[in-house]
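One structure is given here, and the rest of the page talks about it.
The values are calculated or read from the model by the stated rules, or taken from the named source; none is laboratory data. On a predicted model such as this, the values are computed, not experimentally measured, just so you know. Every residue, glycine among them, receives a Cβ derived from its backbone with ideal geometry; neighbour counts consider all protein chains shown. Just the protein is used for accessible areas: all its heavy atoms, side chains included, with ligands, DNA and RNA removed. Shrake-Rupley method; radii C 1.70, N 1.55, O 1.52, S 1.80 Å.
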Amino acid sequence: MIIKSVRSTVYEWKGPTSPPRANLSASPMDALGGLTDAMSSFRFHQWLVVEVETDCGLVGLGNCALAPPIAKQIIDAYLTPIVVGRDPFDVEAIWQAMYRSTIAWGRKGIGMAAISAVDIALWDIMGKATGKPVFKLLGGRTKTKIPVYASRLYSQPLETLAEEAQSYLDQDFTMMKLRLGWGPNDGPAGIAKNIDLVRTVREVVGDDIDVMIECYMGWTLEYAKRVIPRLTEFNPRWLEEPVLPDDIGGYAHLNRHSGVPIAGGEHEFTLFGFKQLLDAEAVSVIQYDTNRVGGITAAQKINALAEAYQVPVIPHAGQMHNYHLTMANLNCPISEFFPVNEVEVGNELFYYLFEGDPQPVGGHINLDDTVPGLGISLSRKHMDNFIATT
């Protein structure tokens, strides 16, 4: 079996969307203080799908959501010539060829996201060719089902925030994550608003529910040191991406001294990037995203490395490529789950574009031992709301 073709398609959502909201979440653009739309970098309404086809008719699906039009160009111009004609089971050699041939410009960011999309498709092919779900190829089932946390709770009026938190309790979630909407430029008044958000959720859910807090790279080290002491009374399970991902020293300082576990890695790439975080003791939780970090091939190496450091891996976003890794690794104790909603930020697009994702029951999801590959396919239900660019 050899790879016959690689097709990349950018799907752009043109359907109904929720109107942009100010202070929906902190953002690294907040530092510009109103000189630009701070939330513009937080919203993405495009998704890249890669279809890798073999000469025996098997098609593997991969995807990425970082700058899809540019990722498509990288795949078409640089990665496809490397992949076509290869045996898809030679996944390590193919990964190394993609990585090493683009290393001058592709080590992080969009270049690695493009590699991730192709790599995920190869694992989908291997699962389909063997008649096994991907997690069985990665080591098999390490848990009967995967506990998931509800990940939404964007900054909003306190009354509706409380209602949303209660809705997750009613669905038997025992973990949930909220976003804080104010940062350094908002001063003490913004700090008070952030604290109100956390207090509201904690009062609704009580002390026996895990609450996680996300800052989405919107804080500075100085601001984080001001805010975190006021968060400790609410006992958050972790504080996510408090500073810019390149500020490893800032991460390490907070992780050692703040009293709240620090999570990160959503915007880190490759085994080498995570070795730097682990060596610096910069995070208590690793949160790579498989369709950014280098694909399943890279993610599995990071899982093994993190296990040696006894730092848990909880991939960013739900999505099947992440669920398979969580199922197959003891050091991946839980998964993130984005509740299906109308399109707002863009994470929701995965559910409009693909079908096959399991839905949570009692705060858990499960994977089917009998469905080969990733277990997803392109959905035709919402295609009229997408513009496809091939």
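Angle, helix 295-309 long axis vs. longest principal axis of the chain, Cα atoms, 0 to 90°, nearest 10? The angle comes out near 50 degrees. Once both labels are positioned 7 Å from their Cα atoms along Cα-to-Cβ, the gap between Arg86 and Lys225 label points is 4.6 nm. Spin-label model, Leu330 to Ala93: label points 7 Å out along the Cα-to-beta-carbon direction sit 3.3 nm apart.
Could you tell me what percent of the accessible area of segment 1-61 is made up of carbon and sulfur, with a 1.4 Å probe and every protein chain present? Before the final figure, lay out each step's value.
Values: 1550 of 2770 Å².
Summing carbon and sulfur atoms, their accessible area is 56 percent of the total for segment 1-61.
Summed over the residues of the chain and divided among them, the accessible surface reaches 38 Å² per residue at a probe radius of 1.4 Å.
Note on the chain: Cα-only Rg and Dmax are 20.2, 63 Å. Choose one of Asn329, Leu353, His382: the residue whose Cα lies farthest towards the positive end of the charge dipole of the chain (beta-carbon charges +1 Lys, Arg; -1 Asp, Glu; about the Cα centre). Final value for the positive-end residue is Asn329. The alpha-carbon atoms of segment 206-352, seen along their principal axes, cover 38, 37, 29 angstrom, with the largest extent given first.
Annotation: lysines with alpha-carbon distance below 22 angstrom to Lys301 (same-chain offsets under eight excluded): Lys108, Lys132, Lys136, Lys143, Lys275. Across the chain, Cα pairs under 8 Å and at least six residues apart give a relative contact order of 22 percent. Angle between the Cα long axis of helix 221-231 and the longest principal axis of the chain, 0 to 90 degrees, nearest 10? For helix 221-231, the angle is close to 70 degrees.
Quantify, in whole percent, the carbon and sulfur part of the accessible surface of segment 149-301 (1.4 Å probe; protein heavy atoms only). Walk me through the intermediate numbers first.
Numbers: 2730 of 5540 Å².
Accessible surface attributable to carbon and sulfur in segment 149-301 totals 49 percent.
Extending 7 Å from the Cα toward the beta-carbon at both Glu281 and Gln73 defines two label points whose distance is 4.4 nm.
Helical runs (DSSP H, four residues minimum) scored at -39500 (n - 2.57) apiece and divided by the length of the chain put the mean residue ellipticity at 222 nm at -11000 deg cm²/dmol.
At a Förster distance of 35 Å, what's the computed FRET efficiency of Glu12 paired with Trp105, Cβ-Cβ distance as r, to 0.05? Please list the in-between numbers first.
Working: r = 25 Å, r/R0 = 0.72.
Efficiency, rounded to the nearest 0.05: 0.90.
Over the Cα atoms of segment 86-149, what is the Rg over Rh ratio if Rh follows Kirkwood? If you can, show how the numbers build up before the last one.
Values: Rg = 14.4 Å, Rh = 13.4 Å.
My calculation puts Rg/Rh at 1.07.
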